[in-house]
Every structure is written in C-alpha cells, then in structure tokens.
Amino acid sequence: MSYGSFPLSRARRNRHDAFTRTLVRENQLLVDHLIWPIFVCEGTQQQQSVASMPGVVRVSLDLLVEHVRPAVELGIPAVALFPITPASLRDARGTEALNPDNLMCRASKLLKDRFPELGIIGDVALDPYTDHGHDGIIENGRVVNDLSIEVLAAQALNQARAGNDIVAPSDMMDGRVRKIRETLDEDGQQDTRIMSYSAKYASAYYGPFRDALGSGGLLTGDKKTYQMDPANSDEALLEVARDLEEGADMVMVKPGMPYLDIIRRVRDKFKVPTFAYQVSGEYAMMMAAFQNGWLDKDKTILESLLAFRRAGCNGVLTYFALDAARLLRS
Ligand code: PBG
C-alpha cells in the first residue's frame, strides 16, 4: 500500500531496533530443543577423531561420563547413542544387537546411572552390527522385511531394558513400530517412548556417519529398497501416518536442512511431536566452510538450527548441540 510516493505500511518499522525485533519474533531456539548424537567405541582412553566430521569423536566408555557432563550442565535434554561395533562382533544377522551387555547397553546403563534426568535415545537398526552394513537382514540378496522387524523389536527391547528412555527405529522396515510397541508392552516396558525415523530418505548426506561407524566400507549397494526416494514428499506423509497408527510417540524427518519442506508438511498435517536430524553430511559441509573461514561458525550454527524450529520441529538432533547450547547460554 502506498500513499503518494511513500509506503503507508513499512515492514522495516518492526525491525527498527532490538526490542521491537524481539517482540515480533515468531520462533525461538532454546537449549531445550537440542539432542546430541554421540558415538561410543570399545577400549579405554579413546577419543578418536572422525576425519569427515571435524570436532566429533568416538569416545570410549571410561571417558563417556565426562564427555557428556557439559551437555547435562548446559541443560541439553537428551543424547542419542551410536555404537561402533568391532568387526569381530559383526555378522550377517547383527546378533550383537541383542547382546544385553553390548556397547550400547553398557553406555546407556552408565549414563542413566550417572545422569538419571538425561534422556537416552537408542538407535534401532542393524547397520552398526551387520557385516554387510545394511539395517536389516539379507536373504537372497535382498533386505527382508518381516524377519528384520523381529530382530529389530528384540533389539529395541534390549535397549529399553538397559535404560534407554526412547527407542528410535531408523531402519525404515514396514511394520517395525507396531512390532516394537507390542514387544515392549509384552515385557512391561510401556513407558519406553518410540521416536520413529518416519521419513528417512536414501541420502548421500549420511556418508560421514558411515565413516564414523565404520559401516561405510562394508556397505554393499545402497539402501534404496527401504529408505525413501528424495524425489518424494506425499509419501513422507503416508509413512508418518502409518507410524503414528502403529504407535509412534514422536516422528522424525531425516536429513534435515534439505528436507525442511517435508518437516513443514508433517507438522501441518499431523501436529504431533516432530523432530529432524541435521545429519553428518550437513555438519561436514558447514564445518568445511567454517574451517576455510567462508562462513561465520556461531551465527551459521544458530541460524541453521532456528530454521528447524521455523519449519515446525520440536527439536533437532545435531552434532552442533554442545556448540549451540554454549552459544544460547552465553
Ligand atoms: C542407520 C543410521 C544412519 C544415520 C543414523 N542412523 C545412516 C544410514 O541410514 O545409513 C545417519 C546419521 C547421520 O548421517 O548423521 N540406521
């Protein structure tokens, strides 16, 4: 609208100064919204760096409590655990996933014991445990669904018994949420929450994570018969609808930044607790730019995470959780 040659309505008035910008701000990023993914490894005194994820380490259990303490002190509500399984313990069926004393279970017991208030999220998928790097079990050259979900449900139960508050199936098999819910309930674990990786895409952005896990080199082929096609959007809504029907308490979209449109659609349609994973490749891209002095690290981290809130997320899994929490507290 304009009167004469001057606009009557001026958008810049509400940007005039800091207090006005604060008053009109629509979204906020808080420490409450951060979930920190952590890689744990065997051995002692290990803080192994991951070449493609500068600043991220694989930490052994003797150092885990001290590693996590700053996150607890900053008020980060939850961590997501990812175990690095030695090759000697990997097999075709991911048997180690069911071992009640496996690395993941020991890590969650340890953290639950030291930090009872900290939420522990366990990733449910077989790729850390299989010698072929796939998330399920292979028969006749294909990842088979119905047998895989039996094992995944047993894996989820194993994690719940070890103190995981939330199990997060990231495998993308059909019917796994229902199977997991039934299995947990039969065992009296009805309080264990399910955060389903509902719309998880077959993405190139997972590369650095597979380096971290040591599953990248093992992986034969790709995950396109179970993870979603990046071309699809309506299908994500169908996946979320199914998972909610099957008993998911929270849903996730993954990767994050390239899929903000999916997050927004999920939020608008279902209005359920929605999360996103700012994945390893997103972290790697940003870190590369920071290291080259091409982007301002602090500002870019906070802006990228605020974008998830604007898109409709309750929270974000991010390798920047600690950096972001420090920035938000300072
Ligand atoms: C495996 C899993 C993956 C990630 C989380 N869980 C990789 C994959 O599906 O191959 C990726 C996380 C990241 O890239 O940071 N089930």
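Numerical summary
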item	result
Hits in region 221-246 - residues which are within 27 Å of residue 132 (Cα to Cα) and β-branched (Val, Ile, Thr)	225
Which numbered condition residue 265 misses (of (1) away from the ligand (no atom under 12 Å from the Cβ); (2) in a helix (DSSP H, G or I); (3) closer than 29 Å to residue 160 by Cβ)	(3)
Matching option when the condition is under 13 Å from residue 319 (Cβ atoms) and more than 16 Å from the ligand (Cβ to nearest atom), among 290, 270	290
Filter result (over 15 Å from the mean Cα position of the chain (by Cα) and within 8 Å of the ligand (Cβ to nearest atom)) within region 208-223	215, 219, 223
Residue 205 being within 14 Å of the ligand (Cβ to nearest atom), under 18 Å from the mean Cα position of the chain (by Cα), within 18 Å of residue 128 (Cα to Cα) and not in a loop (DSSP other than H, G, I, E, B)	yes
Unique residue being touching a helix residue (DSSP H, G or I) at 6+ places or on another chain (Cβ under 9 Å), surrounded by fewer than 16 Cβ atoms within 10 Å (Cβ to Cβ) and of a type in the set (Val, Ile, Thr) when the list is 24, 59	24
Selection status of residue 126, part of a helix (DSSP H, G or I) and under 23 Å from residue 161 (Cβ atoms)	no
Given (1) away from the ligand (no atom under 16 Å from the Cβ); (2) part of a strand (DSSP E or B), number of the condition residue 251 does not satisfy	(1)
Options 87, 97; residue that is small (Gly, Ala, Ser) and within 27 Å of residue 316 (Cβ to Cβ)	97
Residues that are among the charged types (D, E, K, R) and either modelled with pLDDT under 95 or within 37 Å of the chain's Cα centre (by Cα) (or both), drawn from region 11-29	15, 17, 21, 25, 26
Leading residue by the ranking (nearest to the ligand (Cβ to nearest atom)) among those in region 99-125 that are acidic (Asp, Glu) and over 21 Å from residue 170 (Cα atoms)	101
Unique residue being touching an Asp or Glu at 6+ places or on another chain (Cβ under 8 Å) and either of a type in the set (Val, Ile, Thr) or free of Cβ contacts under 8 Å to residues at least 40 places away in the same chain (or both) when the list is 103, 126, 147	147
Residue in region 141-161 that is at pLDDT below 95, outside any strand (DSSP E or B) and more than 16 Å from the ligand (Cβ to nearest atom) present	yes
Residues (over 23 Å from residue 264 (Cα atoms) and in contact with a helix residue (DSSP H, G or I) (Cβ under 6 Å, 6 or more places away or on another chain)) located in region 287-314	290, 295, 297, 298
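Listed here are the residues, each with its yes/no results for (1) surrounded by 16 or more Cβ atoms within 10 Å (Cβ to Cβ); (2) in a loop (DSSP other than H, G, I, E, B); (3) within 16 Å of the ligand (Cβ to nearest atom).
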residue: 173; (1), (2), (3): yes, yes, yes
residue: 177; (1), (2), (3): yes, no, yes
residue: 180; (1), (2), (3): yes, no, yes
residue: 231; (1), (2), (3): no, yes, no
residue: 261; (1), (2), (3): no, no, no
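The values are calculated or read from the model by the stated rules, or taken from the named source; none is laboratory data. What you see is a predicted model; the values in this text were computed from it and never measured. Please note: Cβ atoms are built from the backbone with ideal geometry, for glycine as well, and neighbour counts cover all protein chains shown.
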